[in-house]
Amino acid sequence: MKEHTHTVTAEMVDIRDNSRHFPGAGFTPADEGHAARLIKAGCLKEGAPKQAESKPAEIVDDLTDLTVAQLKEKAKAEEIDTGDARSKPDLQAAIRAARLAKASS
């Protein structure tokens with residue numbers, strides 16, 4: 001198994017194969033551009049995970065039952081840039097990452 005080069009910081013879906021990745025898991029981007037986009041979106045940080053990979057409990061929050069349109073409205077209301085996110089999982093991940101970043105600052 002190939003060692004991962006990055007650590008997932010926010011739930012995300014890999015557009016290459018639609019696989020879901022959770023915070024704390026390892027991830028190897030396709031190339032530097034792919035890595036840069038995911039780092040900018042707040043989904044990845046450089047460096048392999050320091051612990052064994054484990055899947056956290058499923059996230060249940062105010063985003064879980066929203067539609068794509070509702071997620072876009074929520075992001076706009078919270079002044080969150082969702083970048084290229086268009087799918088429900090990607091929009092949820094972008095909003096969660098932005099909220100986490102805002103809470104950490």
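The values are calculated or read from the model by the stated rules, or taken from the named source; none is laboratory data. In this text the structure is predicted, and so the values were computed from the model without any measurement. Here the Cβ is made from the backbone with ideal geometry for all residues, glycine too, and neighbour counts use every protein chain on show. The accessibility values were calculated without ligands, DNA or RNA, using every heavy atom of the protein model including side chains. Shrake-Rupley method; radii C 1.70, N 1.55, O 1.52, S 1.80 Å.
Quick notes on this one:
- Extension gain, Glu73 back to Asp61 (0.36 nm per residue minus Cα-Cα distance, nm): 2.7 nm
- Sites Arg99 and Thr5 - FRET efficiency at Förster radius 30 Å, r taken between beta-carbons, to 0.05: 0.70
- Given 15 as the ceiling on other Cβ atoms within 10 Å, longest exposed-site-free region of the chain for trypsin sites (Lys or Arg not before Pro) in DSSP loops: 51-85
- Share of carbon and sulfur in the accessible area of the range 1-43 stands at 56%, probe radius 1.4 Å.
- With Cα atoms, 0 to 90° folded angle of helix 68-77 axis to the chain main axis: 80 degrees
- Proximal lysine pairs, the chain, alpha carbons under 28 Å, eight or more residues apart or interchain: 29
- Residue-span extension gain [Asp84 to Ser19] - 0.36 nm each, minus C-alpha spacing: 21.6 nm
- Inter-label distance for Glu32 and Glu46, nm, one decimal - labels placed 7 Å from Cα along Cα-to-Cβ: 1.1 nm
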